[in-house]
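Written out below as structure tokens is the structure these notes cover.
The values are calculated or read from the model by the stated rules, or taken from the named source; none is laboratory data. Computed from a predicted model, the values in this text were never measured in an experiment. Using ideal geometry, Cβ is built from the backbone for each residue, glycine included, and neighbour counts are taken over all protein chains shown.
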Amino acid sequence: MQIKVCGMREFNNIKDLLYVVKPHFVGFIFYKKSERYVSESFYNELNYDNCKKTGVFVNETREVILEKINKYNLDIVQLHGSESVDDCAFFRQEGLTVFKAFSIDDNFNFEDASQYEKSCDMFVFDAKGYSYGGNGVKYNWDLLQNYKGNTPFLLSGGININDVDIVRSLKHEKFVGVDINSGFEIKPAFKDINLLKEFKERITQ
């Protein structure tokens, strides 16, 4: 079970996350309208070891994304808006790992994701909410059975410590992990490290 912790910003909080929780991915949000926007408070000097630095962008220009990737040595670009297949393919051609997020509700057609198959490494199936991510709301996870594609995906949207059993019970051959955020926050962009540690230990046992 792969773990992505998104919406990080504070130096010591990131340091503790890397040392104690050791997630597979850590997400930094470069979307100015987000209350978890990293601004320039980014710390390359931390030892990320096997944890991949993921930059989360929403309908940003290719030029700005490339500038942030180069400046902060990001491993992964996660496109969380209405970016096109060509946008995803562009960053893939730049040698980057590409995650594409989709906002899921009862009306979502998973066929819409199929056109991105060849241009993305991972999908993130998030809940449709009032903003792009970090809404703390869930969707009907049974809908995931409508996904028939070949690209692996992370489950996202309102996941918290009480969801361990149901997440462990999910059966889908392309389900490889979770993307967690607001359900583990003390305040926006500041995570409860002990709660994250408990979640990881229980979800991967």
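Results, tabulated for the structure shown:
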read-out: Some residue of the range 79-98 being farther than 28 Å from Gly183 by Cβ, more than 17 Å from the chain's Cα centre (by Cα), among the acidic types (Asp, Glu) and in a helix (DSSP H, G or I); value: yes
read-out: Counted residues, the range 21-55 - those being outside any loop (DSSP other than H, G, I, E, B) and surrounded by fewer than 19 Cβ atoms within 10 Å (Cβ to Cβ); value: 2
read-out: Only one of Leu74, Leu66 that is surrounded by fewer than 19 Cβ atoms within 10 Å (Cβ to Cβ) and either farther than 21 Å from Gln115 by Cα or among the β-branched types (Val, Ile, Thr) (or both); value: Leu66
read-out: Selection count where residues are among the acidic types (Asp, Glu) and more than 18 Å from the chain's Cα centre (by Cα), scope the range 159-205; value: 4
read-out: Breaking point among (1) surrounded by fewer than 21 Cβ atoms within 10 Å (Cβ to Cβ); (2) part of a strand (DSSP E or B), for Asp126; value: (1)
read-out: Residue among Asp179, Asp163 that is touching a Cys at 6+ places or on another chain (Cβ under 7 Å), modelled with pLDDT of 95 or more and surrounded by 15 or more Cβ atoms within 10 Å (Cβ to Cβ); value: Asp179
